[in-house]
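What follows is a short report on a single structure.
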Amino acid sequence: MRWIRRILVVGLLVGTWWVGWEFVTRNQQLVSVHYVVGDTAEATLWKVVLGSFFAGAGIVILFTVWISARSGLVARRYRKALGRLESEIHQLRNLPLAPDPDEPAQLAPGVPRARSATGRNA
């Protein structure tokens with residue numbers, strides 16, 4: 001099984017080399033590329049085509065990295081918000097449903113207590 005894989009890999013490499021060689025030998029014409037802001041010196045057609053291919057691939061890779069990083073940051077922000085909400089739910093689940101009637105009411109510090117009918121603090 002290993003030797004079949006090696007034969008396939010060698011065949012693929014030889015095939016790629018052969019197609020590349022044919023591409024280079026058939027595209028030897030000199031061309032110049034005219035941009036919006038200028039033009040280039042003359043170069044062989046195969047160099048211009050390969051350069052354009054790699055420039056386009058580089059732009060696509062940069063765009064993909066930009067989108068991936070942006071969506072990763074958004075996902076991170078949502079994970080943090082989810083963690084905060086889950087901790088809030090956990091805190092709310094631990095609160096008692098009703099105050100115990102046997103225990104005196106606990107007020108926050110600095111909140112005055114209500115006065116009873118006798119004029120004393122409760």
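The values are calculated or read from the model by the stated rules, or taken from the named source; none is laboratory data. Quick caveat: nothing in here was measured; it's all calculated off a predicted structure. When we count neighbours, we look across all protein chains shown, and the Cβ atoms used for this are built from the backbone with ideal geometry, even at glycine.
Conditions tested, residue by residue: (1) under 28 Å from GLY20 (Cα atoms); (2) hydrophobic (A, V, I, L, M, F, W, C); (3) surrounded by 10 or more Cβ atoms within 10 Å (Cβ to Cβ); (4) at pLDDT below 90.
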| residue | (1), (2), (3), (4) |
| --- | --- |
| THR40 | yes, no, yes, yes |
| ILE61 | yes, yes, yes, no |
| ARG70 | no, no, yes, no |
| ARG76 | no, no, yes, no |
| GLU88 | no, no, yes, no |
| LEU95 | no, yes, no, yes |
| ASP100 | no, no, no, yes |
Taking the range 18-37, which residues are under 36 Å from the mean Cα position of the chain (by Cα) and in a helix (DSSP H, G or I)? GLY20
